[in-house]
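Contents: one structure, followed by commentary.
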Amino acid sequence: MANGKPVSTLLQSSYPMMGGDGPHSYIRNSTYQKAAIESVKTSAKKAILAKLDLKTSIFNLSSYRIADFGCSVGPNTFDVIENIIETIKLKHQQDETNRNNHENLEFHVFFNDQSDNDFNTLFKTLPRYHIDREVFACGVPGSFFGRVFPRNSLHIGHTSYSIHWLSEAPEDVCNQNSQAWKKNIQCTNLVEEVTEAYKKQFKKDMGAFIEARAQELVPGGLMIILGLCLPDGVQMIRTWKGVVHEMIRDCLVDMAKSGITSVEKVESFNLPVYFPQFSELKEVIEQNGCFTIEIMEEVKHPMEDMLLSNDFITSSYRAIFHGVIEEHFGGGVIDELFDRFAKKLNKDPVDFFKCQKDMQYFILLKRKIY
Ligand SMILES: C[S@@+](CC[C@H](N)C(=O)[O-])C[C@H]1O[C@@H](n2cnc3c(N)ncnc32)[C@H](O)[C@@H]1O
């Protein structure tokens, strides 16, 4: 105990993606995120070429420091880093004063995630560029809601599909005496008190994320953010992802009825995940004031109009949620839960035509030069 609170509640919660390279691993089940990264590859390249200012003394460099926040185990993070490195080289090649040094550039690449991320698998699968000795890779464990780098040390930061993870589920939705106490496992956007509680937590966490990056990035440094939100006015429960979350909850309720877990456990389970509305996201970034928003736009996800198969949905969600579910319910429930989920989905598939669309966004921020 510390300050009257169990120590575990004072520690930063962490819900890693499924590690290793087995059939349920994130490596094998992150095609959805991979497609998203691929879809903005050209935009990211163009944006870096346009916004990285080699004329300032800070960028008259022979070595760059690049970080991916919430990298997980790959392979997506490797694609991201490769694209950034290629673009910086191209930028130097195109620049008259820096043209000569593009072949001698060196890159210090930092892979950040929570300390229980499977960094062993990440480093075992590191691409060849590591051996060529122009890229020097290292892991940086720790929550991206705080500072994980020295001040003014990074040139380019990146994060994809990570900032909808909150540092924890909002306190009020976990408190039975609060108006926001709820029986859903997610923020459906149907109950005002619950939405407010999630919104407040998101503002706090995202504000902390932006502030930490503001301190770590050099003036003129770039931060790329790719992720999912909701178009203004759309409720989570109306999107296919919201429907899937409800189905997971229904399976947990059934498991409690069968005595596999308890009603209390199910009622106290809250996904620490929040998809903000587009304008909410913008507001938090603007409030920080240390960045100019160079680009903030909707980009179509390549799978947006696809009718995703039930197997694809089941294996993707298993790889993503296994950590958070295991932490709350214990290790024994995952197989049972996702067997039940797969059966439920086959019996009652997601009606993609009825669902409203969520929104994928691409953001490029530039650290202001004061
Ligand atoms: C869905 S994965 C995205 C992985 C990868 N960026 C991609 O696009 O495929 C989200 C990652 O964010 C990480 N994450 C969540 N909260 C974090 C935090 N507070 N600090 C660092 N990493 C965090 C998770 O551990 C997980 O690896």
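Over the chain, calculate the relative contact order: mean separation of alpha carbon pairs under 8 Å at least 6 apart, over the residue count, as a percent.
22 percent
Packing-wise, with mean Cβ within 10 Å as the measure, how do 324-330, 69-75, 107-113, 180-186 rank, highest first?
Packing order, densest peptide first, comes out as 69-75, 107-113, 180-186, 324-330.
How large is Rg over Rh for the range 7-367, taking Rg from the Cα atoms and Rh as the Kirkwood inverse mean of 1/r across Cα pairs?
Here Rg/Rh amounts to 0.97.
From the phi of every residue in the range 330-346, what ³J(HN,Hα) in whole Hz does the Karplus formula 6.51 cos²θ - 1.76 cosθ + 1.60 yield, where θ is phi - 60° and glycine or proline is x?
Whole-Hz 3J(HN,Hα) from phi for the range 330-346: x, x, x, 9, 4, 4, 4, 4, 6, 5, 5, 4, 4, 5, 4, 5, 5.
Which of these, Lys55, Lys343, Lys357, has the largest mean-square fluctuation under a Gaussian network model of the chain (Cα springs below 10 Å)?
With Cα springs under 10 Å in the chain, the top fluctuation among Lys55, Lys343, Lys357 is at Lys55.
Identify which of Ser143, Ser30, Ser39 has the largest mean-square fluctuation in a Gaussian network model of the chain, with springs joining Cα atoms closer than 10 Å.
The residue with the greatest mean-square fluctuation here is Ser39.
With springs only between Cα atoms under 10 Å, which of Leu337, Leu166, Leu308 fluctuates most in a Gaussian network model of the chain?
Between Leu337, Leu166, Leu308, it is Leu308 that shows the largest mean-square fluctuation.
Quick note: the coordinates plus some simple rules give every number you see, no bench work behind them. It should be emphasised that the depicted structure is a prediction, and the values quoted were computed from it without experimental measurement. Cβ sites come from the backbone with ideal geometry, for glycine too, and all protein chains shown count toward neighbours.
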